[in-house]
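So the structure is just underneath, and the comments pick up after that.
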Amino acid sequence: MPLESTSQRVGGNVRAEMARRRFSQDQIAKQLNISQQALSRRLIGRVPFTVDELDALADILSVSIADLMRRHRADNEPGVKTA
């Protein structure tokens, strides 16, 4: 299985935050002043988000840019505490 690209990881993190906050692609696209199709290409990792878009998304989604960039570790990886 090929490794996930940074653009794919960020897109997945943005999708997850959008779902948590019940934002549609259309709502986010309008706030970023891009088309829904352009947002879709970014969410699947085909096109990377710009720094300005990530900054705006962090504000819209009430998260940090670091949260949007974060790699998610499996529970059994070093450095991850389990309850």
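None of the figures in this text is laboratory data; all of them are computed from the coordinates on show. Not measured: the values here are computed from a predicted model. For neighbour counting, all protein chains shown are included, and Cβ atoms are generated from backbone atoms with ideal geometry for every residue, glycine included.
Take the Cα of VAL47, go 7 Å toward its beta carbon, and the backbone nitrogen atoms of region 10-33 under 19 Å from that spot belong to 10-15, 24-33. In this simple spin-label approximation, ASN33 and ARG15 carry label points 7 Å from Cα along the Cα→Cβ vector, and these lie 2.8 nm apart. The protection proxy used here, the mean number of other Cβ atoms lying within 10 Å of each residue, ranks peptides 61-68, 7-14 as follows, highest first: 7-14, 61-68.
Using C-alpha pairs under 8 Å with a sequence gap of at least 6, the mean separation divided by the residue count of region 6-69 gives a relative contact order of 46 percent. Were the residues from ASP55 through ARG71 laid out at 0.36 nm apart, the gain over their Cα-Cα distance would be 4.0 nm.
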